[in-house]
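**Q** Supplied in structure tokens, the structure appears directly below.
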Amino acid sequence: MDSVPPVEHFSLRWNNFQSTITSALAGLRDTQAFVDVTLWTDGRQIKAHRNVLSACSPVLLELLKDNPCAHPIIILRDVTHADLSAIVTYMYQGEVNVAPEALRTFLHTAQLLKVKGLADTGIQQEVSRSGHGRGHSGICFRQDMLRTSTSHMCVNCERSKQYGRHV
């Protein structure tokens, strides 16, 4: 019986894959190409891509995955535009700079949306103990510096009420 010679496989690797994808996502966001969801807060809107939002937030994933709208609008109450904009920047770039005076509300919003890498990391308790980061010009968060959230939070969103889901 003849044995089959082993098949040789080639491993192909894109050396700068992460930086290329991050740059491409930033370009898509900047040009608003292929945006398919709008976040609305404080009377202002932020256009984004549901794939990016869903990958970074299980709350947004639940709101968007069964939504029949081609371009849904998610209305968030009690969330500032500045905090939401910073969170979306974090989702697209993997890091964001936050002023010390905005850190508490930023982290609260991240917890509401269960943003991966920001929610329930112990950072909020550390900020409380350290006095909001006084003496620092800003705080930079990178996704690889923090652990992912596993707890349940609720976001107050018109879209979830319309579809009968309380997330």
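The values are calculated or read from the model by the stated rules, or taken from the named source; none is laboratory data. None of these values were measured; they are calculated from a predicted model. All Cβ positions, even for glycine, are placed from backbone atoms using ideal geometry, and neighbour counts span all protein chains on display.
**Q** Do you know which residues across the stretch 60-114 are among the basic types (Lys, Arg) and either within 20 Å of Gln45 (Cβ to Cβ) or in contact with a strand residue (DSSP E or B) (Cβ under 7 Å, 6 or more places away or on another chain) (or both)? Spell out how you get there, then give the answer.
**A** So in the stretch 60-114, the residues among the basic types (Lys, Arg) come out as 65, 77, 104, 114.
Listed by number, the list holds a single entry, Arg77.
**Q** Criterion first (over 13 Å from Tyr92 (Cβ atoms) and modelled with pLDDT under 95) does Arg44 satisfy it?
**A** No, not satisfied.
**Q** Let me ask something additional. Being free of Cβ contacts under 8 Å to residues at least 24 places away in the same chain and acidic (Asp, Glu) narrows it down to one residue among Asp30, Asp83; which is it?
**A** Details: Asp83 fails: free of Cβ contacts under 8 Å to residues at least 24 places away in the same chain.
None of the other options fit; the residue is Asp30.
**Q** Restricting to the stretch 97-116, count the residues that are touching a residue at least 40 places away in the same chain (Cβ under 8 Å) and surrounded by 21 or more Cβ atoms within 10 Å (Cβ to Cβ).
**A** Looking only at that region, the number is 5.
**Q** Name every residue in the stretch 68-95 that is out of contact with any Asp or Glu (no Cβ under 9 Å at 6 or more places or on another chain) and either basic (Lys, Arg) or at pLDDT 95 or above (or both), in order of residue number.
**A** If the condition is that a residue be out of contact with any Asp or Glu (no Cβ under 9 Å at 6 or more places or on another chain) and either basic (Lys, Arg) or at pLDDT 95 or above (or both), then Asp83, Ser85, Ala86, Ile87, Val88, Tyr90, Met91, Tyr92 are the ones that fit.
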